[in-house]
Amino acid sequence: MTEECELFECGHRACGGCGPALAARLIMKATGENTIVVASTGCMEVFSTPYPETAWGVPWIHSLFENAAAVASGIEASLKKQGRDEHVVCICGDGATFDIGMLCISGAFERGHDITYICYDNEAYMNTGIQRSGATPYDADTTTSPAGKCSTGNPRPKKDLPAILAAHGAAYVATASIAYPNDLIKKVQRAVSTHGPNYIQVHAPCCTGWGFDGSQTMAVGRLAVETGLWVNYEMMNGEVERVRKVGHRKAVDDYLSVQKRFRHLYRPGRNEEEIAKIQAIADANAAKFGVDLNMKKEE
Amino acid sequence: MMEILEGSHAVAEAVRLCRPQVVAAYPITPQTHIVEALASMVADCKLDAEYICVESEFSALSACLGASAAGSRVYSATTSQGLALMFEVCFNVAGMRQPVVMTIANRALGAPLNIWNDQQDSISLRDSGWLQFYAEDNQEATDLHFIAYKVAEDHRVLLPAMVCFDGFILTHTYEPVDMPSQEAIDAFLPPYAPVNILDAKKPMSLGMYATPDYYMEFRYETDQAQKRAKEVFAEVGAEFAAKFGRDYSGLVEGYRLEDADMAFIALGSICGTVREAIDEMRADGKKVGLLKVRSFRPFPSEEIRAALPGVSKVAVLDKNISLGQKGALALEVRDALYGSGIDVKGYILALGGRDVRQADIKAIADLLEKGEGDQFFGLRTEVL
């Protein structure tokens, strides 16, 4: 560590323009140094802790792919027993959260441990290549949900994990995006200062996995919000409390067409039917969360 | 103080005396009475610990790992399928050098589903890096917990430890147990003094990934720690003997081996049956003895060689099998005695809770004398 380093910054080996690395940096700005980070196996663990180096300026532990929430449960219990008060924050990818870690997360939330669980959602298993996870959006081309002659990519919509964890009785559940850094920081601060298990899902575009230039990470992140395919909102005690509104929602094409993972929807020709289905997902999001600022006027 | 206790309750009482700060467990037969008893102790303020009612054994051991890494003495208990569910975490706890102590109420693994005793569960974790101690009776099961914590937490070791005792045969059996006082255990087992912990005042990264440039050295260091544990176990066992009068300084324990030409080698409660059978065979003029293996990991190869000076034939009794090969203990003993000229034969028995009587032990002695071994013993004849 040098003096210029932040709590997460120096010496990591992420791709240039890595959304999750930016997420980690912002999360650590929000939690401060009185924090213990629990990680899952994944991109972030690999690019931030190749032994004997580490990019973490706070205590950090990784055990397995699927058990961060359970390890965090033990840490929290141990701190409680010792009368210590560090924040226990899990920072895990979507594979570790939506899929393989679901049992441990469900258990930890049901038991009510005082932990903040943050998923950096890059919408596929990016550690092992680019494979589908439960967070992969409809029609995305991944190596295990490839687009082909009989397939338009991932056949299922994204799992609604914030709703699932809100249903566990989490006091605070939020979604955020690396493209809105101040909003993300505020939400993390709110989570760590709210007692009990809290969940934040951070949209963190992966330039390598999604196929766009690393200089465009923030722009791609913003487009997800501006099209309604990603909604930034907060839930308190199971009720949606605050939603980031969009003035004039962009067409989903603006977001899809700049990423190689949706290229098959535009080549050889525009796949009207599939793009309409994705537009319908965005429209449904907008309706469900009241995203559109000008909706009433237009009606 | 001498008390008549169910094995599980004796173990729970021993664990209470060790003052674990975090307990995380999931109930499973035949371990359940242990964790129920601990839950009651916490509920009655007799044990000042955080008790985490996890949703699975996988999370139980994961929580123990986190709690240990944060600086607490921790405890769990499981068996069979529960231990199998912990498999991945077991390797992690050992590799991360956390001195977690866990009781294994030994039970068969499915399929077919079977809740009764054998030792396939813990034996299957032999390569995980955990210390593995086996108890013959409930007194030993009790005492091994005090010893296990002290060995596991020794800074020369820093490895997790399993205290294994046979499901139902010991867990559900009432025996007289001499339970030490809290004062005596406090004097024997000081509070956990971790080396590296998760602490915001002194940040460090635990459980990083290691490339081929570094990985092998971690395995080497863990192997070295296992080997150092032999000496530490002997020291701690001797200290226990001096304070409590029960001698566990040996990683192995001999019975009537002084002039024996034939010996049984076994783990756990079956040793009691073997002792009785040996007394009867001795009365018939057969020079037989028993070598009980108390520590399966680290494995006491030198101690086994040293314990069998006049023995020419050995019968190893295994309540487990490495399918397609032989019983795990037989393989290890054969390795330990390689080049000694001692004839080692293995016998697989008591799988899935099948009863073993003194007559069976005598029958095995007869097979050994005839040179017939390396076989299942007591199979139903219709499969033969």
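The values are calculated or read from the model by the stated rules, or taken from the named source; none is laboratory data. Keep in mind the model is a prediction, meaning the values are calculated, not measured. A quick note on method: Cβ atoms are made from the backbone with ideal geometry, for glycine too, and the neighbour counts reach across all protein chains shown. These area figures cover heavy atoms from the full protein model, side chains too; ligands, DNA and RNA do not enter into them. Shrake-Rupley method; radii C 1.70, N 1.55, O 1.52, S 1.80 Å.
The table that follows gives values for the structure above.
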{"item": "Neighbour cut-off at most 11 other Cβ (10 Å), DSSP loop, trypsin sites (Lys or Arg not before Pro), region A:116-215", "result": "A:LYS149"}
{"item": "For region B:73-187, size of Cβ-based charge dipole, Lys and Arg +1, Asp and Glu -1, in debye", "result": "500 debye"}
{"item": "Spatial extent of region B:129-250: Rg and Dmax, with the Cα atoms as the point set, Å", "result": "17.1, 54"}
{"item": "Extended-chain gain in nm, criterion 0.36 nm per residue less alpha-carbon gap, B:THR381 and B:ALA241", "result": "45.7 nm"}
{"item": "Per-residue mean of C-beta atoms belonging to partner chains within 10 Å, peptide A:90-97", "result": "0"}
{"item": "Filter on B:LYS243/B:LYS319; A:LYS186/A:LYS250; A:LYS81/B:LYS202 - keep pairs with C-alpha separation over 24 Å", "result": "B:LYS243/B:LYS319; A:LYS186/A:LYS250"}
{"item": "Charge context of B:PHE58, other residues only, Cβ under 11 angstrom, K/R +1, D/E -1", "result": "-4"}
{"item": "Within region B:229-384: Cβ-based charge dipole about Cα centre, in debye rounded to nearest 20 (Lys, Arg +1; Asp, Glu -1)", "result": "260 debye"}
{"item": "Counting DSSP beta bridges with both ends in chain B, the antiparallel % (nearest 5)", "result": "25 percent"}
{"item": "Surface per residue (accessible, 1.4 Å probe) for chain A, Å²", "result": "39 Å²"}
{"item": "Residue-normalised accessible area of region B:142-262, expressed per residue, 1.4 Å probe, Å²", "result": "46 Å²"}
{"item": "Cross-link pairs B:LYS227/B:LYS345; A:LYS158/A:LYS245; B:LYS150/B:LYS362 - those with Cα-Cα distance over 32 Å", "result": "B:LYS150/B:LYS362"}
{"item": "Net charge contributed by nearby residues that have their C-beta within less than 12 Å of B:LYS370 (K/R +1, D/E -1)", "result": "-2"}
{"item": "Whole-angstrom gap from region A:195-256 to region B:311-365, using each part's C-alpha centre", "result": "63 Å"}
{"item": "For residues of A:50-62, the mean tally of beta carbons on other chains within 10 Å", "result": "6"}
{"item": "Cα-centre dipole for region A:1-111 with unit charges at Cβ (Lys and Arg positive, Asp and Glu negative), debye to 20", "result": "240 debye"}
{"item": "Furthest towards positive pole of dipole, A:ALA70, A:TRP60, A:CYS5, structure part region A:1-136, Cβ charges", "result": "A:ALA70"}
{"item": "Binned Cα-Cα distances of region A:3-136, short to long, each 10 Å bin given as a whole percent", "result": "13, 45, 34, 8, 0"}
{"item": "Unit charges at the beta carbon, dipole of region B:104-242: most positive-side option, B:GLY110, B:LEU170, B:VAL195", "result": "B:VAL195"}
{"item": "Counting DSSP beta bridges with both ends in region A:1-115, the antiparallel % (nearest 5)", "result": "10 percent"}
{"item": "Region A:108-214: antiparallel DSSP beta bridges as a percent of all, rounded to 5", "result": "20 percent"}
{"item": "Two-decimal Rg/Rh across region B:12-67, once Rg and the Kirkwood Rh are taken from alpha-carbon atoms", "result": "0.94"}
{"item": "nm² value of the averaged projected area, convex hull over the Cα atoms of the protein assembly as shown", "result": "34.7 nm²"}
{"item": "Overall dimensions of chain A by Cα: Rg and Dmax, Å", "result": "18.7, 63"}
{"item": "Environment charge at B:MET208 (Cβ cut-off 9 Å; Lys +1, Arg +1, Asp -1, Glu -1)", "result": "-2"}
{"item": "Residues in region B:34-79 that, when all protein chains are in place, have 50 Å² or more less accessible area than the chain alone would give (probe 1.4 Å)", "result": "B:GLU50, B:ILE52, B:GLU55, B:PHE58, B:ALA70"}
{"item": "Computed FRET value (nearest 0.05) for A:ALA276 with B:LYS201, which takes r as the C-beta separation and R₀ as 60 Å", "result": "0.60"}
{"item": "Between 0 and 90°, nearest 10: helix B:57-69 axis offset from chain B longest Cα axis", "result": "60 degrees"}
{"item": "Carbon + sulfur, % of accessible area of region A:59-121 - ligands and nucleic acids excluded, 1.4 Å", "result": "49 percent"}
{"item": "Of the trypsin sites (Lys or Arg not before Pro) in region A:242-299, those whose Cβ has at most 14 other Cβ within 10 Å and which sit in DSSP loop", "result": "A:ARG270"}
{"item": "Residue with peak Gaussian network fluctuation, chain A [Cα springs, cutoff 10 Å], from A:GLN131, A:GLN82, A:GLN279", "result": "A:GLN82"}
{"item": "Residue mean of other protein chain beta carbons inside 10 Å, B:190-198", "result": "2"}
{"item": "Chain pair A, B: total accessible area buried, heavy atoms, 1.4 Å probe, Å²", "result": "3100 Å²"}
{"item": "Percent carbon-and-sulfur accessible area, region A:225-299, ignoring ligands, DNA and RNA, probe 1.4 Å", "result": "50 percent"}
{"item": "Extended-chain gain in nm, criterion 0.36 nm per residue less alpha-carbon gap, B:GLU36 and B:MET1", "result": "10.3 nm"}
{"item": "Positive-end residue, the protein assembly as shown charge dipole about Cα centroid, Cβ charges, pick of B:SER8, A:ILE100, B:CYS45", "result": "A:ILE100"}
{"item": "Apportionment of accessible area to carbon and sulfur, region B:49-119, percent (1.4 Å)", "result": "64 percent"}
{"item": "Additional length obtainable on full extension of the chain from A:ASP85 to A:SER257, 0.36 nm per residue less Cα span", "result": "57.2 nm"}
{"item": "Neighbour cut-off at most 15 other Cβ (10 Å), DSSP loop, trypsin sites (Lys or Arg not before Pro), region B:181-282", "result": "B:LYS201, B:ARG246"}
{"item": "Normalised alpha carbon radius of gyration of region B:235-384 [divisor 2.2 N^0.38 Å]", "result": "1.03"}
